[in-house]
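Student: Pasting in a structure now, in structure tokens, and then I'll have a few things to ask.
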Amino acid sequence: MNNIFVDANRKQIAGRRRIDFTLRLLFLIATSIGVIALMALLIDIISDGISMLRPELFNNFPSRRASEAGMKSAIVGSLYMLLIMAPLSFLLGVGAAIYLEEYAKKNRITRMIQLNISTLAGVPSIVYGILGLTLFVRELHLGRSLLAGAFTMTLLVLPIIIVSAQEAIRAVPKSRRDASYALGATKWQTVSRSVLPSSISGILTGVILAMSRAIGETAPLVMIGALTFVAFLPTGPMDSFTVMPIQIYNWVSRPQASFQALAASGIIVLLVMLLLMNLSAILLRNKYNKHM
Amino acid sequence: MQTLTKNQTLIEINQLNLFYGAFHALKNVSLRIPEKAITAFIGPSGCGKSTLLRTLNRMNDMIPGTRIEGGIAISGTDIYSGDVDVETLRKKVGMVFQQPNPFPKSIYDNIAYGPRLHGIHDRKKLDEIVETSLRSAVLWEEVKDYLKRSAFSLSGGQQQRLCIARALAVNPDILLMDEATSALDPISTLKIEELAQELKDRYTIVMVTHNMHQAARVSNQTVFFLNGEVVEYDETEKLFSNPTDQRTEDYISGRFG
Ligand SMILES: Nc1ncnc2c1ncn2[C@@H]1O[C@H](COP(=O)(O)OP(=O)(O)O)[C@@H](O)[C@H]1O
Ligand SMILES: [Mg+2]
């Protein structure tokens, strides 16, 4: 009797194995290039910036002397910006997502709005800067203020938040909505008591990732005129301001080596902040997956 | 049409036609469903059992393109007339679905969801409702010490009984069950069938089942559907032992479906 395992074409199998092995190697190399480049960058920045990572970096304002310079105003500026931007973009973004997913009729107009939002998510950030300059700084007379900056950044992240919140809302199974309606819930009761609790961690994950993108953005804020040298803390939303990436940009553009090191230390602070934000997004997502 | 049992008619369906867009899903359906009894809808898949069930609590309203002609009266009130409020209707006509669909909340909060919707927030009152509902669904003894646990920690059969308890918590008159046991193992199925038997003294139960034997075991009257039409409607015993329509006989003897 023929053994079916012997019957197979050995040569062909060996060939397939070789292809399998080669491809696996190629994919590994592709991954490694990304990881190695990133590691090299990180190591370079850390070795450059570690010497300047000292209390003055957080406690001092920028200065002409690198040894005294810090980024207090930039850190506080970034935090204030977050403080305005996060709740604003959360409310607007989630509101729009709820409307589009739960209330809007699925007609041509809705589809067009949807297409526009997806397109807006890919518009270069500088374009938002120009919009912010025209709309908030000039037309609404907000000037080069923290508020104008926060509004501009809110517009920038809104499409991202809307799209991710929509995905989170859409992922809530229909059966969960049915359960609520069948008990006599109204639409809003169903949305607020069943759909949102089921999707909130997904929504927040999207919001945090959008915030971490906004924290690293420079171009639109340069456009609307965030200052590069701010030796005071903003006391209200109408004050002028700076943010971390702009401060870093300012330091990088100076010729002295000590300022280069300062810039690197600023980058470390920024990276740590982004890392923390992404970490919290991951934690939220894990919690979310457990519940689904 | 004759009334089948001594029980009074609670739901009266009159010349009902339902269209999904151009598709004619229910054709001239007329039925009288008696109160405090179990009525089973049987028939091959796609014949309109779920569709008819969903007209009773107007869950079809949410399917775009659905159009209805004819009327359904519950206790003499046309439920499609303008002055019936759909939320109140659904409170009175509870529904249990094919797949157990608890909320990702605690057992307690699952049961309390309905009462809270309708404005009950008093803790003591809610505790009471949770206990009576779980007792009615014969789940209390199994979960009374774990009310704070996630509903997802329960087995499939327990989850389905939780869904029944959740439906009972808003104090309905009618309970609709759409193949509520088809996702469950035989033992859980049996428990739910027994539960339905107990509940029929207090509630009017309409159940869709893909399983003729289940209809024969638990229901008082059975409606046989084919292609959106009622072929035959009779007392369960009579319909299964002595059907008048050839198609019914073919179906119950397993010749198709
Ligand atoms: N939402 C819908 N849109 C269009 N057609 C539907 C919809 N739901 C059900 N139908 C159709 O209506 C018929 C009856 O469906 P259904 O009531 O689910 O049958 P059953 O529960 O008896 O299996 C089927 O032909 C089905 O394809
Ligand atoms: Mg069905």
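Student: Run lengths n ≥ 4 of DSSP H only: what is the helix-derived mean residue ellipticity at 222 nm for chain A, with -39500 (n - 2.57) per run over all residues, to the nearest 500?
Tutor: Taking each H run of at least 4 residues, the total per residue is -23000 deg cm²/dmol.
Student: Quick one: Debye curve from the alpha-carbon atoms of segment A:2-52 only, equal weights, vacuum; give me log10 I(q)/I(0) at q = 0.20, 0.30 Å⁻¹ to two decimals.
Tutor: -0.77, -1.00
Student: Moving on. Could you give the semi-axes, largest first, of the ellipsoid that matches chain A, computed as the square roots of 5 times the alpha carbon gyration tensor eigenvalues and rounded to whole Å?
Tutor: Working through the eigenvalues yields semi-axes of 41, 34, 17 Å.
Student: Ok, one more. Calculate the dipole size of segment A:69-169 relative to its Cα centre from +1 charges on Lys and Arg beta carbons and -1 charges on Asp and Glu beta carbons; express the result in debye to the nearest 20.
Tutor: Roughly 180 debye for segment A:69-169.
Student: Whole-Å semi-axes of segment B:114-219's equivalent ellipsoid, largest first, each the root of 5 times a Cα gyration tensor eigenvalue?
Tutor: 25, 16, 11
Student: To the nearest 10 square angstrom, how much accessible area does B:R247 have with a 1.4 angstrom probe?
Tutor: Looks like 110 Å² after rounding.
Student: If you don't mind, there's one more thing I want to ask. What is segment B:151-192 by shape, rounded, prolate or oblate, if you read a ≥ b ≥ c off the alpha carbon gyration tensor as root eigenvalues and call it rounded for a/c under 1.5, prolate for a/b larger than b/c, and oblate otherwise?
Tutor: Working: a/c = 2.54, a/b = 1.41, b/c = 1.80.
Oblate shape, in that a/c is at least 1.5 and b/c is the bigger or equal ratio.
Student: Same structure, new question: Nearest 20 debye, what's the magnitude of the dipole of segment A:2-52 about its Cα centre given +1 on Lys and Arg Cβ and -1 on Asp and Glu Cβ? Please report the intermediate quantities before stating the final value.
Tutor: On the way: 6 positive and 4 negative charges, 114 e Å.
Here segment A:2-52 has a charge dipole of around 540 debye.
Student: Next question. Please state, as a whole number in µm²/s, the translational diffusion coefficient that the Stokes-Einstein equation yields for the protein assembly as shown at 25 °C and 0.890 mPa s, with Rh defined as the Kirkwood radius across alpha carbon pairs.
Tutor: 86 µm²/s
Student: Still on this model: Spin-label point model (7 Å from Cα, Cβ direction): what's the B:E249 to A:Y99 distance in nm?
Tutor: Computed distance between label sites B:E249 and A:Y99 equals 6.3 nm.
Student: For segment A:34-91, just the Cα atoms, rotate onto the principal axes and tell me the three extents in Å, largest first.
Tutor: Principal axes ranked by extent give 40, 37, 17 Å for the Cα atoms.
Student: Sticking with this structure for a sec: If I stretch the segment between B:Q99 and B:S81 completely, what's the gain in nm (0.36 nm per residue apart, minus their alpha carbon distance), one decimal?
Tutor: Between B:Q99 and B:S81, full extension yields an extra 3.4 nm.
Student: Something else now. Rolling a 1.4 angstrom probe over the protein chains, ignoring ligands and nucleic acids, what is the accessible area of A:I162 in square angstrom, nearest 10?
Tutor: That residue has around 10 Å² of solvent-accessible surface.
Student: On a straight-distance basis, which lysines could pair with B:K238 in a cross-link, Cα separation under 21 angstrom, same-chain partners fewer than 8 positions away excluded?
Tutor: Qualifying lysines at Cα under 21 Å: B:K6, B:K36, B:K49, B:K200.
Student: Over the protein assembly as shown, give the accessible area per residue in Å² for a 1.4 Å probe, as an integer.
Tutor: 50 Å²
Student: So, in nm, how far is label A:K106 from label A:F229 when the simple model puts each one 7 Å beyond its Cα toward the Cβ?
Tutor: 5.9 nm
Student: Taking 0.36 nm per residue of separation and subtracting the Cα-Cα distance, what length does fully extending A:Q114 through A:N9 add?
Tutor: Gain in length upon complete extension: 32.5 nm.
Student: Dipole of segment B:9-252 (Lys/Arg Cβ +1, Asp/Glu Cβ -1, origin at the Cα centre): which of B:P100, B:H24, B:I79 lies farthest to the positive side?
Tutor: Checked the options; the winner is B:P100.
Student: Checking a compactness column here: for segment A:44-171, what do you get for Rg(Cα) / (2.2 N^0.38 Å), N being the number of residues?
Tutor: Dividing the Cα Rg of segment A:44-171 by 2.2 N^0.38 Å gives 1.40.
Student: Order B:D109, B:D83, A:D48, A:D20 by their accessible area, 1.4 angstrom probe, all chains in place, largest first.
Tutor: Putting B:D109, B:D83, A:D48, A:D20 in descending order of accessible area: B:D83, A:D20, A:D48, B:D109.
Student: If you don't mind, another one. Picking from B:A215, B:P243, B:V143, whose Cα lies most toward the positive end of the charge dipole for segment B:9-252 (charges on Cβ: Lys, Arg +1; Asp, Glu -1)?
Tutor: Toward the positive end, the furthest listed residue is B:V143.
Student: Another one. What span do the alpha-carbon atoms of segment A:147-292 cover on each of the three principal axes, reported in whole Å from largest to smallest?
Tutor: Computed over the Cα atoms, the extents are 69, 31, 23 Å.
Student: Percent relative contact order of chain A, based on C-alpha pairs within less than 8 angstrom and at least six residues apart?
Tutor: 26 percent
Student: Could I ask something else about it? Would you work out what percent of the accessible area of segment A:2-52, with all protein chains in place, is carbon or sulfur (probe 1.4 Å)?
Tutor: Ligands and nucleic acids excluded, carbon and sulfur reach 69 percent.
Student: Then there's this: May I ask you to give the percent of accessible area on segment A:169-292 that is carbon plus sulfur, with a probe radius of 1.4 Å? Don't jump to the answer; show the numbers that get you there.
Tutor: Working: 3590 of 5270 Å².
Of the solvent-accessible surface of segment A:169-292, carbon and sulfur hold 68 percent.
Student: Can you tell me, using C-alpha contacts under 8 Å and at least 6 residues apart, the relative contact order of segment B:9-252 as a whole percent?
Tutor: 28 percent.
Student: Work out, in µm²/s and without decimals, the Stokes-Einstein translational diffusion coefficient of segment B:9-252 at 10 °C, 1.306 mPa s, Rh from Kirkwood over C-alpha pairs.
Tutor: In µm²/s, the coefficient is 86.
Student: To the nearest hundred square angstrom, how large is the accessible surface buried between A and B, total for both chains, probe 1.4 angstrom?
Tutor: 1600 Å²
Student: Next question. Contour minus end-to-end for B:S241 and B:T132, with contour as 0.36 nm per residue of separation and end-to-end as the Cα-Cα distance? Walk me through the numbers on the way to the answer.
Tutor: Numbers: separation 109, 0.36 × 109 = 39.24 nm, distance 3.82 nm.
Answer, rounded to one decimal: 35.4 nm.
Student: Grab the eigenvalues of the alpha-carbon gyration tensor for segment A:206-267, scale each by 5, take roots, and send me the semi-axes largest first in whole angstrom.
Tutor: 21, 17, 10
Student: With every protein chain left in place and a probe of 1.4 Å, what is the accessible surface of A:K174, to the nearest 10 Å²?
Tutor: 140 Å²
Student: Right, another one. Once you charge only the Cβ atoms, +1 for Lys and Arg and -1 for Asp and Glu, what is the size of the charge dipole of segment B:46-175 about its Cα centre, to the nearest 20 debye?
Tutor: 320 debye
Student: Another question about this same structure. Determine, from the Cβ-Cβ distance of B:L190 and B:E229 and an R0 of 45 Å, the FRET efficiency 1/(1 + (r/R0)^6), rounded to the nearest 0.05.
Tutor: It comes to 0.90.
Student: Let me ask something additional. Between A:L42 and A:K174, take the C-beta separation as r, use R0 = 56 Å, and let me know the FRET efficiency to the nearest 0.05.
Tutor: Using R0 = 56 Å, I get an efficiency of 0.80.
Student: Under a plain spin-label model, where a point goes 7 Å from the Cα along Cα-to-Cβ, how far apart in nm are B:Q15 and A:E139?
Tutor: Label-label distance for B:Q15 and A:E139, simple model: 5.9 nm.
Student: Name the residue from A:I19, A:A40, A:M52 whose Cα lies farthest towards the positive end of the charge dipole of segment A:2-52, charges +1 on Cβ of Lys and Arg and -1 on Cβ of Asp and Glu.
Tutor: Value computed over the given set: A:I19.
Student: Would you please give the FRET efficiency between B:K125 and B:R202, computed as 1/(1 + (r/R0)^6) with r the Cβ-Cβ distance and R0 = 25 Å, to the nearest 0.05?
Tutor: 0.80
Student: If a/c stays under 1.5 just call it rounded; otherwise compare a/b with b/c (prolate if a/b is bigger, oblate if not). Do that for segment B:1-85, with a ≥ b ≥ c from the square roots of the Cα gyration tensor eigenvalues. Each step should come with its number before you reach the end.
Tutor: Details: a/c = 1.99, a/b = 1.33, b/c = 1.50.
Oblate, since a/c reaches 1.5 and b/c is not below a/b.
The values are calculated or read from the model by the stated rules, or taken from the named source; none is laboratory data. Predicted model, so just to flag it, every value in this text is computed and none were measured. Cβ atoms come from the backbone with ideal geometry, glycine included; neighbour counts cover every protein chain shown. Note: accessible area is taken over every heavy atom of the protein model, side chains too, but ligands, DNA and RNA are not part of it. Shrake-Rupley method; radii C 1.70, N 1.55, O 1.52, S 1.80 Å.
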